[in-house]
Amino acid sequence: QMQLVETGGGLVQAGGSLRLSCAASGPGFYTYTMGWFRQAPGKEREFVSAINRDYITQFADSVKGRFTISRDNAENTVYLQMNALKPEDTAVYYCAAQYHGTWSRARDYAYWGQGTQVTVSS
(Lines give C-alpha, C1' and ligand atoms only; values in the text may rest on other atoms or scores of the structure.)
Protein backbone atom coordinates (compact mmCIF):
# COMPACT_ATOMS: atom_id res chain seq x y z
CA GLN A 1 0.00 0.00 0.00
CA MET A 2 1.31 3.44 -0.90
CA GLN A 3 0.08 6.85 0.17
CA LEU A 4 0.80 9.95 -1.88
CA VAL A 5 0.60 13.57 -0.76
CA GLU A 6 0.99 16.47 -3.20
CA THR A 7 2.10 19.93 -2.19
CA GLY A 8 3.23 23.08 -3.95
CA GLY A 9 0.14 24.23 -5.77
CA GLY A 10 -1.04 27.80 -5.73
CA LEU A 11 -1.88 30.90 -7.70
CA VAL A 12 0.67 32.22 -10.18
CA GLN A 13 0.64 34.69 -13.05
CA ALA A 14 1.05 33.54 -16.62
CA GLY A 15 4.71 33.04 -17.42
CA GLY A 16 5.52 32.12 -13.83
CA SER A 17 6.75 28.90 -12.30
CA LEU A 18 5.70 26.42 -9.65
CA ARG A 19 7.22 23.23 -8.35
CA LEU A 20 4.93 20.46 -7.21
CA SER A 21 6.10 17.78 -4.83
CA CYS A 22 4.63 14.36 -4.18
CA ALA A 23 5.75 12.58 -1.04
CA ALA A 24 5.19 8.84 -0.98
CA SER A 25 4.96 6.54 1.98
CA GLY A 26 5.07 2.80 1.64
CA PRO A 27 7.55 0.19 0.51
CA GLY A 28 9.31 0.02 -2.78
CA PHE A 29 8.91 3.59 -3.99
CA TYR A 30 11.92 3.27 -6.28
CA THR A 31 10.26 0.43 -8.18
CA TYR A 32 7.20 2.43 -9.22
CA THR A 33 6.65 4.59 -12.24
CA MET A 34 5.44 7.92 -10.91
CA GLY A 35 3.06 10.03 -12.92
CA TRP A 36 1.44 13.44 -12.83
CA PHE A 37 -2.05 14.03 -14.15
CA ARG A 38 -4.30 17.05 -14.11
CA GLN A 39 -8.00 17.73 -14.28
CA ALA A 40 -9.57 21.05 -15.15
CA PRO A 41 -13.22 21.82 -14.34
CA GLY A 42 -15.54 20.06 -16.73
CA LYS A 43 -12.73 18.11 -18.37
CA GLU A 44 -11.39 14.61 -18.09
CA ARG A 45 -8.25 13.82 -16.19
CA GLU A 46 -5.27 14.06 -18.52
CA PHE A 47 -1.71 12.81 -18.46
CA VAL A 48 1.02 15.36 -17.84
CA SER A 49 4.26 13.50 -17.22
CA ALA A 50 5.82 10.33 -15.82
CA ILE A 51 9.19 9.03 -14.70
CA ASN A 52 10.15 5.41 -14.20
CA ARG A 53 12.66 3.66 -11.98
CA ASP A 54 15.38 4.19 -14.58
CA TYR A 55 14.67 7.92 -14.69
CA ILE A 56 13.21 7.69 -18.17
CA THR A 57 10.62 10.42 -18.63
CA GLN A 58 7.58 11.11 -20.76
CA PHE A 59 5.62 14.30 -21.26
CA ALA A 60 2.34 15.34 -22.79
CA ASP A 61 2.83 17.44 -25.91
CA SER A 62 1.11 20.35 -24.22
CA VAL A 63 3.83 20.66 -21.57
CA LYS A 64 6.97 19.58 -23.44
CA GLY A 65 9.75 22.10 -23.08
CA ARG A 66 8.02 23.81 -20.14
CA PHE A 67 7.68 21.09 -17.49
CA THR A 68 10.30 18.76 -16.07
CA ILE A 69 9.87 15.76 -13.83
CA SER A 70 12.35 14.32 -11.38
CA ARG A 71 12.47 11.92 -8.47
CA ASP A 72 14.50 11.50 -5.33
CA ASN A 73 14.33 7.88 -4.28
CA ALA A 74 16.17 8.58 -1.04
CA GLU A 75 13.39 10.99 -0.07
CA ASN A 76 10.54 9.00 -1.67
CA THR A 77 9.52 12.13 -3.54
CA VAL A 78 8.72 13.02 -7.11
CA TYR A 79 8.71 16.59 -8.40
CA LEU A 80 7.07 18.45 -11.25
CA GLN A 81 8.77 21.70 -12.16
CA MET A 82 6.41 23.85 -14.16
CA ASN A 83 7.78 26.85 -16.04
CA ALA A 84 6.25 29.32 -18.47
CA LEU A 85 2.84 28.55 -17.06
CA LYS A 86 -0.24 29.36 -19.10
CA PRO A 87 -3.85 29.91 -18.03
CA GLU A 88 -4.73 26.61 -19.71
CA ASP A 89 -2.47 24.84 -17.20
CA THR A 90 -5.01 25.66 -14.51
CA ALA A 91 -6.20 22.40 -12.98
CA VAL A 92 -6.01 20.11 -10.00
CA TYR A 93 -2.75 18.20 -10.31
CA TYR A 94 -2.56 14.62 -9.11
CA CYS A 95 0.38 12.40 -8.38
CA ALA A 96 0.02 8.69 -9.08
CA ALA A 97 2.04 5.48 -8.88
CA GLN A 98 2.01 2.41 -11.09
CA TYR A 99 4.03 -0.77 -11.06
CA HIS A 100 3.40 -1.58 -14.71
CA GLY A 101 1.19 -0.43 -17.53
CA THR A 102 0.84 2.44 -19.96
CA TRP A 103 2.24 5.58 -18.45
CA SER A 104 -0.32 7.93 -19.97
CA ARG A 105 -3.33 5.83 -18.98
CA ALA A 106 -4.83 6.84 -15.67
CA ARG A 107 -6.50 3.48 -15.06
CA ASP A 108 -3.09 1.79 -15.01
CA TYR A 109 -2.10 3.68 -11.87
CA ALA A 110 -2.83 1.93 -8.60
CA TYR A 111 -2.28 4.77 -6.14
CA TRP A 112 -3.34 8.40 -6.23
CA GLY A 113 -2.85 11.49 -4.15
CA GLN A 114 -5.59 13.90 -3.18
CA GLY A 115 -4.50 16.57 -5.65
CA THR A 116 -3.22 20.12 -5.41
CA GLN A 117 -4.79 23.13 -7.13
CA VAL A 118 -2.77 25.13 -9.63
CA THR A 119 -4.30 28.36 -10.88
CA VAL A 120 -2.62 30.46 -13.55
CA SER A 121 -3.98 33.96 -14.01
CA SER A 122 -3.71 35.83 -17.29
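Of all residues in region 83-95, at least one satisfies being closer than 15 Å to Arg19 by Cβ, open to solvent by 20 Å² or more (accessible area, probe 1.4 Å) and modelled with pLDDT of 95 or more. Each residue in region 33-55 was checked for being of a type outside the set (A, V, I, L, M, F, W, C), assigned to a strand (DSSP E or B) and under 12 Å from Asp89 (Cα atoms), and 3 pass.
Hey, could you check region 96-122 for residues that are in contact with a Pro (Cβ under 8 Å, 6 or more places away or on another chain) and either open to solvent by less than 50 Å² (accessible area, probe 1.4 Å) or aliphatic (A, V, I, L, M) (or both) and say which is farthest from Arg19 (Cα to Cα)? Checked region 96-122; the qualifying residue farthest from Arg19 (Cα to Cα) is Ser121.
Taken together, the residues in region 26-41 that are closer than 19 Å to Gly9 by Cβ and either modelled with pLDDT under 95 or open to solvent by less than 10 Å² (accessible area, probe 1.4 Å) (or both) amount to 5. Annotation note: of Gly113, Gly35, Gly26, Gly42, the sole residue that is free of Cβ contacts under 8 Å to residues at least 24 places away in the same chain and of a type in the set (Gly, Ala, Ser) is Gly42.
Within region 2-25, the set of residues being part of a loop (DSSP other than H, G, I, E, B), touching a strand residue (DSSP E or B) at 6+ places or on another chain (Cβ under 8 Å) and open to solvent by 30 Å² or more (accessible area, probe 1.4 Å) comprises Gly8, Gly9, Ala14, Ser17. When the residues of region 74-83 are filtered to those that are in contact with a Phe, Trp or Tyr (Cβ under 9 Å, 6 or more places away or on another chain) and either outside any loop (DSSP other than H, G, I, E, B) or in contact (Cβ under 8 Å) with a residue 60 or more places away in the chain (or both), the one that is farthest from Ile51 (Cα to Cα) is Asn83. As for region 7-22, it holds no residue that is at pLDDT below 95 and within 22 Å of Tyr55 (Cβ to Cβ). Consider region 108-122. How many of its residues are in a strand (DSSP E or B) and in contact with a helix residue (DSSP H, G or I) (Cβ under 6 Å, 6 or more places away or on another chain)? The qualifying residues number 1.
The values are calculated or read from the model by the stated rules, or taken from the named source; none is laboratory data. Please read all numbers here as calculations on a predicted model, not as lab measurements. With ideal geometry, Cβ positions are generated from the backbone for all residues, glycine too; neighbour counts draw on all protein chains shown. The protein model used for the area step is the full one, side chains on, heavy atoms only, and it has no ligands, DNA or RNA in it. Shrake-Rupley method; radii C 1.70, N 1.55, O 1.52, S 1.80 Å.
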